[in-house]
Amino acid sequence: GPLSPWEEIKHFCEREGGVPFDDALLSNETKPLASASIGEVYSGKVKDGTDVAIKVQRPSISSIMQTDFRSIAIIIWFVQHIVPIPKGFINFTTLFKELKHVIGRELDFKKELEAIQHFRQRFVSYSKLTIPKVYPELSTSQVLVMEWIDGARITDLGFLDRFHIDKEELSQRIIRIFLPQWLEAGIFHADPHAGNILVKS
């Protein structure tokens, strides 16, 4: 979607967190590094000089989602009352409730913060795995501040060759780290694409 004006983002963050942006951070960029449908990511520094990523939900996303949910509810009503559906085919009401629940969690950055903290604790003994530190005191349900980590996608073969990273050893390490995240009961990693698995030099 279109980028939100910086002043709108700043006001939104301060309203959400109750902390003036200039007091919470040493510095920050006013243009996003990345933009997606739900939010935008900015770079900054906290008071101790640590580089951070500031993930901010689009101020209008909640009202947009509510409008979308109302539209989906209307469509489901028409399908249930007009379209001939075989008995036992799909329970659209249950599907709609599950959709609202899942997307509602996606819009709550506190859930994401808790998941990051869980994985940091769970893999604390893995010396070659870095999971970004999060800043709960600066984060809210719609603003997430976490440590910035430089790296490259695991599919960037030029990076791996340039820093003499053993591809076989790296692939074995990724399997050892990610299999438990996918297969063990409890909290699991649901988005393990190359952009979320970085390798450091």
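The values are calculated or read from the model by the stated rules, or taken from the named source; none is laboratory data. Keep in mind it's a predicted model, so treat the numbers as computed, not measured. Cβ: placed from backbone, ideal geometry, glycine included. Neighbour counts: every protein chain shown. The area values use the complete protein model at the heavy-atom level, side chains included, leaving out ligands, DNA and RNA. Shrake-Rupley method; radii C 1.70, N 1.55, O 1.52, S 1.80 Å.
Helical runs (DSSP H, four residues minimum) scored at -39500 (n - 2.57) apiece and divided by the length of the chain put the mean residue ellipticity at 222 nm at -14000 deg cm²/dmol.
Averaging the Cα positions of each part gives two centres, and for region 136-192 and region 61-104 these lie 34 Å apart. From the cross-link list 97/133; 55/200; 100/200; 45/110; 133/167, which pairs have alpha carbons spaced over 29 Å apart? The answer is 97/133; 100/200. When a 1.4 Å probe is rolled over the protein heavy atoms, the share of accessible surface on the chain that falls to carbon and sulfur comes to 57 percent.
With the gyration tensor restricted to C-alpha atoms of the chain, the semi-axes of the equivalent ellipsoid amount to 34, 27, 16 Å, longest first.
Seen from residue 165, the other residues with C-beta closer than 13 Å to its C-beta sum to a net charge of +1, counting Lys and Arg as +1 and Asp and Glu as -1. When you count the other C-beta atoms within 10 angstrom of each residue and take the mean per peptide, 150-156, 171-177 line up highest first as 150-156, 171-177. Each residue was assigned an accessible area with a 1.4 Å probe, and for residue 124 the value is about 110 Å². Exposed loop sites were defined as GluC sites (Glu not before Pro) in DSSP loop states (anything but H, G, I, E or B) carrying at most 15 other C-beta atoms within 10 Å; in the chain the longest segment without such a site runs 30-183. Computed with a 1.4 Å probe over protein heavy atoms only, the accessible surface of the chain comes to 65 Å² per residue.
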